[in-house]
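Everything on this sheet refers to the single structure shown next.
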Amino acid sequence: MSQTTITFWGAAGQVTGSCHLVESHGRRILLDAGLFQGRRQESHRLNAETPFDPRQLDAVILSHAHIDHSGRLPLLAKRGFDGPIHATPATRDLCAVMLADSAHIQESDFRYLQKRGRAGAEAEPLYTAADALKVQELMHAHPYGRSFHVDGTGYTASFTDAGHILGSASVALQGDRDGDPRIVFSGDIGRWEQPIIRDPSAPRGPIDALIIESTYALRSHGTVRSASEMLGEIVRRVARRGGKILIPSFALGRTQELVYALHELLREDAIPDIPIYIDSPLAFAATDVFRMHPEIFDRTEPLVREEAHLLDHPNVHYIRDVADSKRLNGLGGPAVIIAASGMMESGRILHHLINHGDSPKNAIVIVGFQAEHTLGRRILEGRDPVRIYGEERHIGAEVITINGYSAHADKDELRRWLRDLGRPVHRAFCVHGEPDSLEAMKKILEEEGVPRVDVPTHGETFEI
Ligand SMILES: [Zn+2]
Ligand SMILES: [Zn+2]
């Protein structure tokens, strides 16, 4: 009988909260420790519980810095985890800014609600900036393609570029005992021809258990090029009527991709000469991490080769101070405002929605995935009014979705990744998707010849 089990403690039956526990011969390795996002009370409950003892964990392997994969690491540190956290160098550096920001947002949202007498238990911060700092002390960085020992566990691991965001990785995990399974965790799989980021490369070798994301197993995205053309068309049209273009965006990844696209459009004179505000201290810091890691940029792209200052342009203004952000409330004339959070759950985008979301002159451009029960999803579905900070707000702005900017592989790209993957794949687990996408991913895997495919539920354990 195999001595190895996997328990799915997040992103099981849903997208967020990525967290999978591998237990083998009394050793425990956690793949990701992400935050749940969505309905406040339910996600707070899921985030606050640690269904295993963090002190009993031997190591964490982190696929990438997105908060739905990394955002519970500070909570683990707060609750006594002090083992190594293995990640790529860019993921380590991005986590320094992402996790500090996650702590900061929780603390400031709590204070905001407290002032208004609306701070329930579900608004209480899960951890502080000091807990986020502890995480950085535990980080061990490993470049792509180089195996490393997961100390004390008898496992060796290696990262390949998942092509999703800067530093994102798929993980291959191999035990050194006879009969130990080889486990591959896809992390979030990116797209081919995404700007800045290299194309996804799947791990090689036979696989006993594959844990694979399913976000867009049902969808076909437009191409990155068509997304950029659509963005250009929207900016031209809304600027002509004097409106503002609000783009809620993940500070990490999507924002840099948008800056890159707008930079290209400005270079080609395809959009008018209007200011572009990146209203996010986190995006400012994350962009700095991009500047630190050109070694993993995709140098097959002309803009990457020709432009030393890829993420800078005279029209692009990075805003850090709250006072400068508030000044945007009274801003006259057309402008692009990019602000976090990507699913409009928190952050400065909420203030821009309050100030600019009601005018039909303006546009809200949705460029990222909107999970169920988030404000972003409600606005995407055309709900009006919506609740922001507990108050009903009218949404009069035009709401437009651009799909091509997804950082996630679509159904054809997921299949392409699978075909690149080492063989044979004995069994697979579909995670990180809404129920119908998980079923669609299961079907793709079966069509690609994987004999046994499961869709785990939250907390379900499998022997492998
Ligand atoms: Zn991600
Ligand atoms: Zn994810």
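Among 319-332, 130-143, 87-100, 289-302, how do they line up from the highest to the lowest mean number of other beta-carbon atoms within 10 Å?
Numbers: 319-332: 13.2, 130-143: 17.5, 87-100: 24.3, 289-302: 15.1.
Ranking, from highest mean packing down: 87-100, 130-143, 289-302, 319-332.
Can you tell me the dipole magnitude for region 224-401 around its Cα centre, using point charges on the Cβ only (Lys, Arg +1; Asp, Glu -1), in Debye to the nearest 20? Please list the in-between numbers first.
Working: 21 positive and 25 negative charges, 103 e Å.
Charge dipole of region 224-401: 500 debye, to the nearest 20.
Order these peptides, 65-76, 393-404, 357-368, by their mean beta-carbon neighbour count within 10 angstrom, highest first. Display every interim value, and only then the final one.
Values: 65-76: 27.8, 393-404: 17.7, 357-368: 20.6.
The peptides rank, most packed first, as 65-76, 357-368, 393-404.
What FRET efficiency comes out for the pair Ile354/Asp176, r = Cβ-Cβ distance, R0 = 60 Å, nearest 0.05?
On the way: r = 56 Å, r/R0 = 0.93.
The pair Ile354/Asp176 has a calculated efficiency of 0.60.
Starting from the Cα-Cα distance between Asp436 and Ser220, subtract it from 0.36 nm times their residue separation and give me the gain in nm to one decimal. Walk me through the numbers before you get to the answer.
Details: separation 216, 0.36 × 216 = 77.76 nm, distance 1.47 nm.
Stretched fully, the Asp436-Ser220 segment lengthens by 76.3 nm.
With label points built 7 Å along Cα→Cβ from the Cα atoms of Ser108 and Glu233, find their separation and express it in nm.
3.6
First measure r as the distance between the Cβ atoms of Glu392 and Asp324, then evaluate 1/(1 + (r/R0)^6) with R0 = 35 Å and state the FRET efficiency to the nearest 0.05. Could the numbers behind the result be given before it?
Details: r = 28 Å, r/R0 = 0.81.
For Glu392 and Asp324, the calculated efficiency is 0.75.
Which of rounded, prolate, oblate describes region 412-464, given a ≥ b ≥ c as roots of the alpha-carbon gyration tensor eigenvalues and a/c under 1.5 marking rounded, otherwise prolate only if a/b is larger than b/c?
Values: a/c = 2.14, a/b = 1.28, b/c = 1.67.
Note, shape of region 412-464 comes out oblate.
What order, most packed first, do the peptides 256-263, 267-274 have when packing is the mean number of other Cβ atoms within 10 Å of each residue?
Numbers: 256-263: 24.4, 267-274: 13.4.
Ranked from most to least packed, the peptides come out as 256-263, 267-274.
Among all the lysines, which ones have a C-alpha under 24 Å from Lys115's C-alpha, if same-chain residues fewer than 8 places away are not counted?
Lys326
Work out the FRET efficiency for Asp420 and Ser147 from their Cβ-Cβ distance, taking R0 = 22 Å, and round it to the nearest 0.05.
Values: r = 19 Å, r/R0 = 0.89.
After rounding, the FRET efficiency stands at 0.65.
What is the extension gain from Phe52 to Glu448, computed as 0.36 nm multiplied by their sequence separation minus the C-alpha to C-alpha distance, in nm to one decimal?
Details: separation 396, 0.36 × 396 = 142.56 nm, distance 3.45 nm.
Between Phe52 and Glu448, full extension yields an extra 139.1 nm.
What is the distance, in nm, between label points placed 7 Å from the Cα along the Cα-to-Cβ direction at His373 and at Lys361?
Label-label distance for His373 and Lys361, simple model: 3.8 nm.
Just from its helices, what would the mean residue ellipticity at 222 nm be for the chain, if runs of 4 or more DSSP H residues each count -39500 (n - 2.57) and the sum is divided by every residue, rounded to the nearest 500 deg cm²/dmol?
Numbers: 14 runs with 147 residues, N = 464.
So the helix-based figure for the chain works out to -9500 deg cm²/dmol.
Two decimals is fine: what is log10 I(q)/I(0) at q = 0.10, 0.18, 0.19 Å⁻¹ for region 224-401, from a Debye sum with one equal scatterer on every Cα and no solvent?
Summing over Cα pairs of region 224-401 leads to -0.36, -1.20, -1.33.
Given Cβ point charges of +1 (Lys, Arg) and -1 (Asp, Glu) and nothing else, what value in debye, to the nearest 20, does the dipole of the chain about its Cα centre take? Please list the in-between numbers first.
Working: 52 positive and 64 negative charges, 173 e Å.
It works out to roughly 820 debye.
What share of the DSSP beta bridges in the chain is antiparallel, in percent to the nearest 5? Present the calculation step by step, with values, prior to reporting the outcome.
Working: 32 of 69 bridges.
Just about 45 percent of them are antiparallel.
Reachable lysines from Lys443, Cα under 24 Å, same-chain residues fewer than 8 places away excluded?
Lys411
Take Phe284 and Arg118, extend 7 Å from each Cα along the Cα→Cβ direction, and tell me the distance between the two endpoints in nm.
Rounded to a tenth, the inter-label distance reads 2.8 nm.
Which of the lysines could a cross-linker span from Lys134 if the Cα-Cα distance has to be under 22 Å and same-chain partners fewer than 8 positions apart are dropped?
Lys78
Between beta-carbons, use under 14 Å as the cut-off and find the net charge around Gly167, counting Lys and Arg +1, Asp and Glu -1. Mind dumping the intermediate values first?
On the way: positive: Arg92, Arg198, Arg291; negative: Asp32, Asp93, Asp161, Asp188, Asp288, Glu295, Asp298.
My count for the surroundings of Gly167 gives -4.
Computed from the coordinates by the stated procedures, all read-outs in this text should not be read as laboratory data. Everything numeric in this text was worked out from a predicted model, so none of it was measured. Please note: Cβ atoms are built from the backbone with ideal geometry, for glycine as well, and neighbour counts cover all protein chains shown.
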